[in-house]
Amino acid sequence: MREKADSDLVRRQNRLLLLEALRQNGPLARVELGRHTGLSPASITSISSQLIADGILEQVEAPALQPEMLHRRGRPLTQIDISGKSAHVVAVKLSIDGIELALADGRGDIVARHTARTSTYEADPKAFGRLVAEEIGALLARIRIAARRVARISIAVQGVADSQTGTVVWSPAFRLRNIAVSGAIKERLGIACSIANDANMIAEGLISTRQVQPRETTAVVFIGYGVGMGLIINGQVYHGPRGAAAEFGHMNHMPDGPLCRCGRRGCVEAYAADYSLLRWASGEAATRPPSVSSIPEAELRALEAAAARGEAPAREAYAKAGEALGFGFARIISILTPSRIILTGPGTRAMALISPHLERALAAGVVEELRRNVEIEVIPTDTDMIIKGTISQALRSVDREIFAYGPLQQRGRELENIA
Ligand SMILES: [Zn+2]
């Protein structure tokens, strides 16, 4: 009995190793799969055959771009890839003025999208999960995909999400707290559903697009409508036990500072988010409450132009933002000694205005011996990075929770048996 359990475990681990290598590298020849996983050619052949029989992997012909890509006998080289038909996943992005949905296939390619313009801000905490479930149901019906073909739904939201209870604990996208989301979706659609912070999903996206190296330790900091962080430790996004780790934006920068969207005072975000910059430049940082709606890009571009022209209030706003970020980074460096801190988001457009102040705060906040080993870098990710990262996170969960055991249909049978 024990031996059987051990061999099942090894089988699952090996299946997962192959899937991880293919997710990370794209299609690979068997010999390359061996190199990436450390498994023997015999194991690669046997595991990949099982996964192909399960409909999870498929054989593809390598694009013969160069003559050396041809097999010795002149046949095109065969590669193995994850099959697009193996499963579908749905990524959901909740923001202040809408619910964005993307349906992706088993390889992560987006096959359908829909954005429902609705004011999430005024949402009823008890009815919101049902609303999201209806939107997903409508998208699936439109493109005729049965819910049982969808292996997982993953949701990204700004603010604090509790992955254990599937609720949005607090988010600037909602006026009220504790919005239950995942439970209603699972109940109505019968699909596993999870919820996570959007900055963590940007970090997942950077890993899946190979902009972060395997085993790298990096802090990814988003600046824009808010300030968020995704922390990558040894190549994996660190979520913490309830999914709320690395809340950099709401770490205190200055006791009794300006009011933040989270309801407390002096958070990093209350200095470095877009609404904070405009508020500082207006001279009303101490009295004006944070904006609850999204700020039009034109207003921010006007502020950047004013600072570039040398107008003192605008320049001071960016100086305050740089200082808050710099002292925050100094603490992160002292605790984690990451190899890089990656800045991303629309706020990075003004890096030339922010950087000198950020560097000065860093120099004051952390010893040079630690500072010099950290690269601070801007990666201007596109607005779709949250969706890409959410899809990638959903597929990795499917690999671990379903494909390591067998094909999606098998999970379907298990669910039917339970019902
Ligand atoms: Zn805050």
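Quick grid of which residues meet (1) in contact (Cβ under 8 Å) with a residue 40 or more places away in the chain; (2) of a type in the set (Val, Ile, Thr):
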site	(1), (2)
ILE99	no, yes
ALA104	yes, no
ALA112	no, no
ALA116	no, no
ALA127	no, no
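Residue by residue through the range 247-262, note down the ones that are more than 10 Å from the ligand (Cβ to nearest atom) and surrounded by fewer than 19 Cβ atoms within 10 Å (Cβ to Cβ).
MET254, PRO255, ASP256
Hey, among GLY224, GLY240, GLY230, which residue is closer than 26 Å to ARG175 by Cβ, without any contact (Cβ under 8 Å) to a residue 12 or more places away in the chain and away from the ligand (no atom under 11 Å from the Cβ)?
Matching residue, one of GLY224, GLY240, GLY230: GLY240.
Can you list the strands (runs of 3 or more DSSP E) lying wholly within the range 188-255 that have 3 or more residues being more than 30 Å from ALA285 (Cβ to Cβ)? Before you say what the answer is, go through the steps one by one.
Numbers: elements: 193-197, 218-223, 227-233.
Because the criterion is at least 3 residues that are more than 30 Å from ALA285 (Cβ to Cβ), the strands (runs of 3 or more DSSP E) in the range 188-255 that meet it are 193-197.
Look at THR381 and say whether it is surrounded by 20 or more Cβ atoms within 10 Å (Cβ to Cβ), outside any helix (DSSP H, G or I) and of a type in the set (Ser, Thr, Tyr).
Working: surrounded by 20 or more Cβ atoms within 10 Å (Cβ to Cβ): yes; outside any helix (DSSP H, G or I): yes; of a type in the set (Ser, Thr, Tyr): yes.
Yes; evaluated as a whole, the condition is true for this residue.
Considering each residue of the range 335-378, count those that are in a helix (DSSP H, G or I) and farther than 16 Å from ALA246 by Cβ, and give that number. First the steps, then the outcome.
Filtering the range 335-378 down to residues in a helix (DSSP H, G or I) leaves 335-336, 346-365, 368-371.
Filter again for farther than 16 Å from ALA246 by Cβ, leaving 346-365, 368-371.
Residues flagged as in a helix (DSSP H, G or I) and farther than 16 Å from ALA246 by Cβ within the range 335-378 amount to 24.
Can you name the condition, by its number, that SER182 falls short on among (1) surrounded by 16 or more Cβ atoms within 10 Å (Cβ to Cβ); (2) more than 18 Å from the chain's Cα centre (by Cα); (3) free of Cβ contacts under 8 Å to residues at least 60 places away in the same chain?
It is condition (2) that SER182 fails.
Can you name the number of the only condition in (1) touching a helix residue (DSSP H, G or I) at 6+ places or on another chain (Cβ under 8 Å); (2) crowded, with 24+ Cβ neighbours inside 10 Å that TYR275 fails?
The failed condition is (1).
Output the number of residues of the range 132-173 satisfying the condition of being modelled with pLDDT of 95 or more and in contact with a Cys (Cβ under 8 Å, 6 or more places away or on another chain).
Counting residues in the range 132-173 that are modelled with pLDDT of 95 or more and in contact with a Cys (Cβ under 8 Å, 6 or more places away or on another chain) gives 4.
So, in the range 115-172, of the ones that are within 26 Å of PHE403 (Cβ to Cβ) and basic (Lys, Arg), which residue ends up most open to solvent (accessible area, probe 1.4 Å)?
Within the range 115-172, the match that is most open to solvent (accessible area, probe 1.4 Å) is ARG144.
Among ILE332, ILE295, which is assigned by TED's automatic domain parsing to the domain that holds GLU369, in contact with a strand residue (DSSP E or B) (Cβ under 7 Å, 6 or more places away or on another chain) and more than 16 Å from the ligand (Cβ to nearest atom)? First the steps, then the outcome.
Working: ILE295 fails: in contact with a strand residue (DSSP E or B) (Cβ under 7 Å, 6 or more places away or on another chain).
Within the list ILE332, ILE295, the selection yields ILE332.
Kindly indicate whether ALA307 is open to solvent by 30 Å² or more (accessible area, probe 1.4 Å) and either of a type in the set (A, V, I, L, M, F, W, C) or touching a His at 6+ places or on another chain (Cβ under 8 Å) (or both).
Working: open to solvent by 30 Å² or more (accessible area, probe 1.4 Å): no; either of a type in the set (A, V, I, L, M, F, W, C) or touching a His at 6+ places or on another chain (Cβ under 8 Å) (or both): yes.
No; evaluated as a whole, the condition is false for this residue.
Looking at the range 81-92 only, could you name the residues that are part of a strand (DSSP E or B) and surrounded by fewer than 22 Cβ atoms within 10 Å (Cβ to Cβ)? Let's see the steps before the verdict.
Step one: of the range 81-92, the residues part of a strand (DSSP E or B) are 81-82, 88-92.
The one that is part of a strand (DSSP E or B) and surrounded by fewer than 22 Cβ atoms within 10 Å (Cβ to Cβ): ASP81.
Condition check: open to solvent by 20 Å² or more (accessible area, probe 1.4 Å), over 18 Å from LEU231 (Cα atoms), in the same structural domain as LEU277 (by TED's automatic domain parsing) and modelled with pLDDT of 95 or more. Does ALA352 satisfy that?
On the way: open to solvent by 20 Å² or more (accessible area, probe 1.4 Å): yes; over 18 Å from LEU231 (Cα atoms): yes; in the same structural domain as LEU277 (by TED's automatic domain parsing): yes; modelled with pLDDT of 95 or more: yes.
Here the answer is yes, as ALA352 does meet what is asked.
Taking the range 264-287 as the region of interest, how many residues are near the ligand (Cβ under 8 Å from one of its atoms) and assigned to a helix (DSSP H, G or I)?
Adding up the residues that qualify gives 2.
For ALA324, all conditions in the list (1) within 15 Å of the ligand (Cβ to nearest atom); (2) closer than 20 Å to SER171 by Cβ hold save one; what is the number of the exception?
Of (1) within 15 Å of the ligand (Cβ to nearest atom); (2) closer than 20 Å to SER171 by Cβ, only one is false for ALA324: (2).
The values are calculated or read from the model by the stated rules, or taken from the named source; none is laboratory data. Small disclaimer: the values here were computed from a predicted structure and weren't measured. Reconstructed Cβ throughout: ideal geometry from the backbone, glycine too, with neighbour counts over all protein chains shown. Note: areas computed on protein heavy atoms with side chains; ligands, DNA, RNA excluded. Shrake-Rupley method; radii C 1.70, N 1.55, O 1.52, S 1.80 Å.
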